[in-house]
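Trainee: One structure, pasted below without further comment.
The values are calculated or read from the model by the stated rules, or taken from the named source; none is laboratory data. Everything quoted here is computed from the prediction, not taken from an experiment. Here the Cβ positions follow ideal geometry from the backbone for every residue, glycine too, while neighbour counts run over all protein chains shown.
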Amino acid sequence: MNLSTSLALTALLLASAAQALTPAGTVILNQAQAEFIPPDGVTPVQVRSNEVQTVVQAVCSVSVTPNGTVIQPGQSAAVLPGERAVFTYSVVNTGNSRFTLPLMARTEAESTVTPSVQVIHDLNGNGQPDPQEPDVTNVTLDPDAQTQVLLVAQAGAAGNAFVNLTASCAGGGSPDVDNVSVLRVGPPPALNVQKTFSPAVVRPGTETTVTVTTRNSGQGESREVILTDLLAEQVARGLTFVPGSAQASAGTLEYTQDGRTWTSAEVTPVRGVRVRVPALAPGAEVTLTFRMLASAAAEGQQVENTATAQTGQDQSSGRATADVRYQPGVAIGPVGQPEAAEGTAADTQSRPFAVTGQLVCFDHTAKNTGDVQDSYRVTVTYPQGEAAATLFGENGQPLVQPLALRPGQTAFVRVCYDAQPGGLSALVTIAGERGTTNATRDLVGDVQSGLPDLRKTYAAVSGASGQPIPVGGTVAVGDQITYTLTVRNPFSQPLTNVVLTDPIPAHVDAVQASGGGVIGGQPGAQTVQWTVGTLAAGESRAVTVTTRVSTRALDGEALLNTFSMASTELPLAMASNEVQTPVWSARLLIRKVVSATEATYGDKLTYTLTITNESATTSIDDAVISDTPATGLEYVPGTSTLDGQPIPDPTIVDGTLQWTVAAIPAGGNVSIGYQTRVTPAASGELVNTAVVTGQGAGGRAQAIASNVATATTKLNPLKFAPLADIVGTVFVDRNRNGLYDPLLDLPLARARILLAGGREALTDARGRYSLPNVALGSQALRLDPNTTPYPPLNTPQDGGLSGTRTVFVRGLTSVDFPLAPLGGQVDALRRTTLTMGDVTLEKAVYAADGGYVVTLRLTTPRRLEDVNLTDPLPAGAILKEGRNIHFGTVEAGELNLTYRFDWTGEPRAATTDPDLSWRY
């Protein structure tokens, strides 16, 4: 028997079982068989043993790869703090049955840091943890099956961490624990972000530069850095990206319209800009700059913006705010110094002294110190004192407010004060519509009331005779006039920079000036000026200028002269009194003649006044001819004539007769004639004196006097007895008022008047009579009753003797004889009496001859001036005769007016009320 063969077979089976585990539960049958060849034969003989049955038991075994130790890790990863590392492992069930294999991640003791770890079943085998992939603590695998798991380690601080994934069998067996990987955590980077707007205060319409910088201030290099500035909110609030303005110090620029999609090409509009750099070493930085334009819509807003820098999982940010607004500003100060610090000495102006009523002025400059146009108003207040302020602009006109100033523009402002006595402190404030203000201060140490005394006088000397000419007298060509200018300072403070200015009259020529006076200008337009300097308190100063009347002077003009004074305290020039010097080189002559060289009582004398204007150039206007008759000469009313034509009676003032002539032409003459009667008051020689004055045309009206003319008549009482005339009217007094009313009463013709002594006279067709050459004294007259069918009307004048009159004859004497109407008197429709004090106006209205007759009698005990008497007619009436109006003077006594009018209206309405006014 060959035993060695059987033994060889058994060894083969054991070797096969060692190469792969037989699945658990497998039954292994084993039967030995021997074959031998008997000695006696050739054919082998087989012999089988009994059968042995063996059942395979479950054996757990696990394998994890890659393997590694702390000394020689199987995997390694370098990360930064906060980052994670993913290690990939394969787990194999090397047992002979389906097992659930526990898994565990751990950090080995040799580690310097301890990361957080987790085991994730990599279901899709992509080597990255995905959201749907769970954390696991075990895996279940069939025999020889494998799966992939991930060991995720989250780094914390810097250092080395040895992480290990172990696998074991739940029921025992040898675990697999040599799967160490190393996680090397480098020093961390530290990004910070700084963002600025420059300028931070942005004026609408201008740009601001945005600067964003991120710096790695850590100890380790960063991963890729993305520095991002999203601009959507800025754009919405009026700040827009300036195209092409973005720049980066390194990396790649990118732009976005929506904040999600980025492109390296600039888009429109840009709502975000960023820069990408692969990494930042410690201490390195990257800067992004771009510009933003502020629109008008952004005004008044503070736009905040945040920029971010990201590297890996780390992100930091920086904020900045753009204040979009104008920065208005204003300043006012002394002229040329608008920006002097408010409240300082440089911002204050002062004057030591000013005068009430005289403006004291301070000049200022206002400036827009802001960046936007604004409108400003200037006001003045008074912390001390009181004044009225007037503001002027550069053109000298009142300041137009508000002032519109562009940025940087200035304006001149002059403030002039009319201050009250005392000290003055004024605060000049400028305020803009945008809320800005600034102030400057004006001070006046002392304000006093009053004015300097300015007085001008003159002295004239005849150039022909060298004799003085009285003040007010006329001067002629070649005469010398010396003007004296006197000024006195009445104040308790000195007047400084005093200047006197004298404009010389055009028709004189300046010869010399005292006191340093400077004569300027051409003849006809000369001015003399004195620079007086300082005039001490109470001081007086006088200067003179000598002139000569030039050939340019005109007869009749007045040489007018004033001077003015100005000083620092009295900037408005003050004028002195005016002196006038009339000019008359030609003569104004008057000649007077009388009709008789001798006269006796009752005689009439005719006087003729001839006035000649010898000026060849100038007429005499409003000439007044004054003639003073000798005592005993009485003017005969109605006898005045001008060049042979009747003129109104003269005005008699204190016995002097005065006529006014409108004009005496140059080189011409006028003649005034009038009569007087010699009265018993006359005696000796009757000397009349006459003079004429007028106003020379061509200049200021100035009285020009003539020579004095006289005319003499010798009184001869023995020449013949003094005689007079008696005149009068015989009439039917229809209204029995004793007065002859021509429109109402009836004159009686051929009535005979008898004069004591036998003389008689008959009335004419108008009822008038005349008895000339009647001896002066008492005379008796009687109306012959046989020559009239009407009985005499008794009046108080006839002493109760019907038709008899006794009168005292002196000069022209009037005696009327009223007769009673046969049918009774004519009654007035209405009588009206107006009384004011001692003045009485009586009105009576009578129906006569188909119309109406009105009588007016004004009675006054004194002379009335500017009398205005108007008796209005009824509406529609026609004035036929007489007058119903009187203007002028009424002497003491009576004024009688009678007029007639036609009217067809109601008789009761024929009467109206008269109007009367006068002046004493």
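Trainee: Look at G220 and say whether it is part of a loop (DSSP other than H, G, I, E, B), within 30 Å of P81 (Cα to Cα) and in contact with a Lys or Arg (Cβ under 9 Å, 6 or more places away or on another chain).
Mentor: So G220 does not fit the description; no.
Trainee: For segment 361-372, does any single residue satisfy the condition of being closer than 14 Å to R414 by Cα and at pLDDT below 95?
Mentor: So far as segment 361-372 goes, yes, one or more of its residues are closer than 14 Å to R414 by Cα and at pLDDT below 95.
Trainee: Further, regarding this structure: Take the residues in segment 376-417 that are exposed (fewer than 14 other Cβ atoms within 10 Å of the Cβ) and of a type in the set (G, A, S); name whichever of them is farthest from E339 (Cα to Cα).
Mentor: A388
Trainee: For a quick check of your reading of the model, give me the residue pairs whose first member lies in segment 575-591 and is closer than 22 Å to S462 by Cβ, whose second is among the hydroxyl-bearing types (S, T, Y) and at pLDDT 90 or above, with beta-carbon atoms closer than 7 Å and at least 6 apart or on different chains.
Mentor: From segment 575-591, the pairs are V579/T457; V579/Y458; T581/Y458.
Trainee: Do we have any residue at all in segment 744-762 that's in contact with an Asp or Glu (Cβ under 8 Å, 6 or more places away or on another chain), among the charged types (D, E, K, R), at pLDDT below 85 and not in a strand (DSSP E or B)?
Mentor: Yes, there is a match, as at least one residue in segment 744-762 is in contact with an Asp or Glu (Cβ under 8 Å, 6 or more places away or on another chain), among the charged types (D, E, K, R), at pLDDT below 85 and not in a strand (DSSP E or B).
Trainee: Hey, any hits in segment 409-420 for a residue that's in a strand (DSSP E or B) and among the charged types (D, E, K, R)?
Mentor: Taking every residue of segment 409-420 in turn, at least one turns out to be in a strand (DSSP E or B) and among the charged types (D, E, K, R).
Trainee: Could you please give the count of residues in segment 207-225 that are surrounded by fewer than 18 Cβ atoms within 10 Å (Cβ to Cβ) and either β-branched (V, I, T) or outside the structural domain of P278 (by TED's automatic domain parsing) (or both)?
Mentor: 2
Yes or no, residue by residue, for (1) farther than 24 Å from V774 by Cβ; (2) touching a residue at least 40 places away in the same chain (Cβ under 8 Å); (3) assigned by TED's automatic domain parsing to the domain that holds A892:
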{"site": "S595", "(1), (2), (3)": "no, no, no"}
{"site": "D643", "(1), (2), (3)": "yes, no, no"}
{"site": "I647", "(1), (2), (3)": "yes, no, no"}
{"site": "G668", "(1), (2), (3)": "yes, yes, no"}
{"site": "V678", "(1), (2), (3)": "no, yes, no"}
{"site": "S683", "(1), (2), (3)": "no, yes, no"}
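Trainee: Do we find a residue being under 60 Å from the mean Cα position of the chain (by Cα) and within 18 Å of Q313 (Cβ to Cβ) anywhere in segment 157-169?
Mentor: The answer is no; no qualifying residue exists.
Trainee: Related question: Between a first residue in segment 309-334 that is under 30 Å from A431 (Cα atoms) and in contact (Cβ under 8 Å) with a residue 12 or more places away in the chain and a second residue that is aromatic (F, W, Y) and crowded, with 16+ Cβ neighbours inside 10 Å, which pairs have beta carbons less than 7 Å apart while being 6 or more apart in sequence or on different chains?
Mentor: Note: pairs meeting the criteria are A322/F197; V330/Y376.
Trainee: To continue, here is another question. Would you confirm, using the coordinates I've provided, whether I504 is under 40 Å from the mean Cα position of the chain (by Cα) and buried (at least 16 other Cβ atoms within 10 Å of the Cβ)?
Mentor: Yes; evaluated as a whole, the condition is true for this residue.
Trainee: Are there strands (runs of 3 or more DSSP E) fully within segment 603-655 with at least 1 residues that are farther than 22 Å from E685 by Cβ and among the polar types (S, T, N, Q)? List them.
Mentor: Where strands (runs of 3 or more DSSP E) fall fully within segment 603-655 and carry at least 1 residues being farther than 22 Å from E685 by Cβ and among the polar types (S, T, N, Q), they are 604-613, 651-653.
Trainee: For the structure I just gave you, tell me whether T484 is in the same structural domain as N577 (by TED's automatic domain parsing) and not in a loop (DSSP other than H, G, I, E, B).
Mentor: Here the answer is yes, as T484 does meet what is asked.
Trainee: Do any strands (runs of 3 or more DSSP E) lying entirely in segment 16-98 carry at least 1 residues that are touching a Lys or Arg at 6+ places or on another chain (Cβ under 7 Å) and either in contact (Cβ under 8 Å) with a residue 40 or more places away in the chain or not hydrophobic (A, V, I, L, M, F, W, C) (or both), and which ones are they?
Mentor: 27-36, 75-79
Trainee: Quick one: in segment 37-71, which of the residues that are exposed (fewer than 10 other Cβ atoms within 10 Å of the Cβ) and polar (S, T, N, Q) is nearest to G125 (Cα to Cα)?
Mentor: Within segment 37-71, the match that is nearest to G125 (Cα to Cα) is Q53.
Trainee: Name the residue that is modelled with the lowest pLDDT, counting only residues in segment 719-735 that are farther than 15 Å from A681 by Cα and outside any strand (DSSP E or B).
Mentor: Within segment 719-735, the match that is modelled with the lowest pLDDT is F720.
Trainee: Now, a different point. Scan segment 143-197 residue by residue and report those that are surrounded by fewer than 19 Cβ atoms within 10 Å (Cβ to Cβ), charged (D, E, K, R) and touching a residue at least 60 places away in the same chain (Cβ under 8 Å).
Mentor: Across segment 143-197, the qualifying residues are D178, R184.
Trainee: Identify all residues within segment 874-915 that are part of a strand (DSSP E or B), free of Cβ contacts under 8 Å to residues at least 40 places away in the same chain and among the aliphatic types (A, V, I, L, M); write none if there are none.
Mentor: Within segment 874-915, I878, L879, I885, V890, L895 qualify.
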